[in-house]
Amino acid sequence: MEKVIFDTNAYRYMSTGRSFEELDKFIEKVKYRELQNNIETLISPIVTKELLAHLADKSDPSFEKCLNANKALYFHSGSTESYNMIASPELLISKAFWNKELPSKIETNKALGQISYQLATNPTDYYFRKFQRNLNLNRDHVLETENNFAQTMLQFVRNVDPSSTSWRPFANDDANRVKLLETIRSYSTSLDIAAGYLIVVYQLLYASGQVMSISFDELFDKAVEFVKIFPEPIALYKVVMENLINSEFNILENSRSNFVWDIHLMFNVGKHSIGESRLIFVTSDKAIIKTAINENAQYSIFTFDEYMEYLGLK
């Protein structure tokens, strides 16, 4: 058996050019072919967050597209009885490195699934009013996460080059820029990025009383293992850092802060499996695909068109 996850744009592609009603027939075709090919579908909570963030306000320019895409997401991987959702990165890390769960994250994912279901089946004013507070909270969380990521990247620029007045460090200093690129590409930076993710999850576990304090040596050992298990999100994180050095890459412009979600989705890319099932990730994002290829994970990734061809629907 294989398991498949679609990214946000894949569900937009699935729903493009199809009315809310026409989408039902196409989804049934896709699910039938997946059943024939012994493929199980999974919802990504990251993708659900991204789509629902655009449903908090009906004046959002992407509202209609994301409403249809949310229907595609839910009914591709669920039914009126149940749905299948993969663990978020925090839950993956918590389980992999501490063998613990984060109840608050599990509840959040359940809430996302319930909202997605209701707006996929009954996108009426009643349900929008019922979930308005949660939709607002999710939208604010998405925006806050994106802004925090942008500010982290800007702080990185300021730390390495305090004289910088833009998003690009050492704008007129080729020698220092080359040195900085070498540092970013180093194993040491991979460990630093890994440690950053581990610390976030550790703090959540510590706050819930599930773990005691961690020593530097323990954190280092876990970071070494993290780099082995999850090289793909680290690689894409480094791509963003390199973009800052190689060009005037303002992350607050052109939706570039969305990179934070692309990095999270990279936890689903690579030589991963669920049980004995190979994990396939469907995306047309160029940065994700290029990074996957560079990390020798190209066989776990399909574009939407490639996946439709794989199912025999093209």
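Observations on the structure shown:
- A run of the chain free of exposed loop cleavage sites, with GluC sites (Glu not before Pro) counted only in DSSP states other than H, G, I, E and B and at most 11 other beta carbons within 10 Å, reaches its longest extent at 82-247.
- Degrees between helix 89-98 axis and first principal axis of the chain (Cα, 0 to 90, nearest 10): 60 degrees
- Angle between the chain longest axis and helix 132-160 axis [Cα atoms, degrees, rounded to 10]: 20 degrees
- Given their separation in residues at 0.36 nm each and the Cα-Cα distance between them, residue 165 and residue 203 gain 10.4 nm when the chain is fully extended.
- The DSSP beta bridges internal to the chain are antiparallel in roughly 20% of cases.
- Comparing mean-square fluctuations of 289, 93, 199 from a GNM of the chain with C-alpha springs under 10 Å, the top value falls on 199.
- Cut-off 12 Å between beta-carbons: net charge of the residues surrounding residue 113, Lys and Arg +1, Asp and Glu -1: +1
- GNM result for the chain, Cα springs below 10 Å: residue of 238, 110, 71 fluctuating most strongly: 110
- Structure-derived semi-axes √(5λ) of the Cα gyration tensor in Å - corresponding label in [x] 43, 20, 17; [y] 40, 38, 18; [z] 33, 22, 21: [z]
- Around the amide H of residue 4, modelled in the peptide plane, lie the amide H atoms of 40, 41, 42, 280, all under 5 Å away and 5 or more residues distant in sequence or on another chain.
- In plain terms, the chain from residue 211 to residue 224 could stretch by 2.7 nm, reckoned as 0.36 nm per residue minus the Cα-Cα distance.
- Between 98, 53, 301, the Cα set farthest toward the positive side of the dipole of the chain (charges on each charged residue's Cβ, about the Cα centre) is that of 53.
- About its Cα centre, the chain has a charge dipole of approximately 360 debye under the convention of +1 per Lys or Arg Cβ and -1 per Asp or Glu Cβ, with nothing else charged.
- Between 194, 175, 96, the GNM of the chain built on Cα springs shorter than 10 angstrom shows 175 fluctuating the most.
- Each residue of the stretch 18-35 was assigned a 3J(HN,Hα) from its phi angle through the Karplus expression (A = 6.51, B = -1.76, C = 1.60, θ = phi - 60°), giving 10, 5, 4, 7, 5, 4, 4, 5, 5, 4, 4, 4, 4, 5, 5, 5, 5, 4 Hz with x at Gly and Pro.
- Sorted by Cβ neighbour density within 10 Å, fewest at the top, the residues 168, 158: 158, 168
- Nearest-0.05 FRET efficiency for residue 313 and residue 80, computed from C-beta distance (R0 25 Å): 0.55
- Residue order, fewest to most surrounding Cβ atoms within 10 angstrom, among 108, 124, 145, 283: 124, 145, 108, 283
- Here the sum of -39500 (n - 2.57) over DSSP H runs of 4 or more residues, divided by the residues of the chain, equals -20000 deg cm²/dmol at 222 nm, to the nearest 500.
- Part-to-part distance (alpha-carbon centres) for the stretch 63-96 and the stretch 170-212, which is given in Å: 29 Å
- Only Cα pairs under 8 Å and 6+ residues apart enter the sum, and on that basis the relative contact order of the chain stands at 23 percent.
- FRET efficiency estimate (nearest 0.05) - Cβ-Cβ, residue 183 to residue 99, R0 35 angstrom: 0.55
- Dipole of the chain, positive end: most advanced residue of 1, 200, 291 [Cβ charges, Cα centre]: 1
- Counting other Cβ atoms within 10 Å as a rough exposure proxy, the listed residues 278, 129 run 129, 278 from fewest neighbours to most.
Every read-out reported here was derived from the displayed coordinates using simple, explicitly stated rules and does not represent laboratory data. Bear in mind that the values here come from a model prediction, so they are computed numbers and not experimental data. All Cβ positions, even for glycine, are placed from backbone atoms using ideal geometry, and neighbour counts span all protein chains on display.
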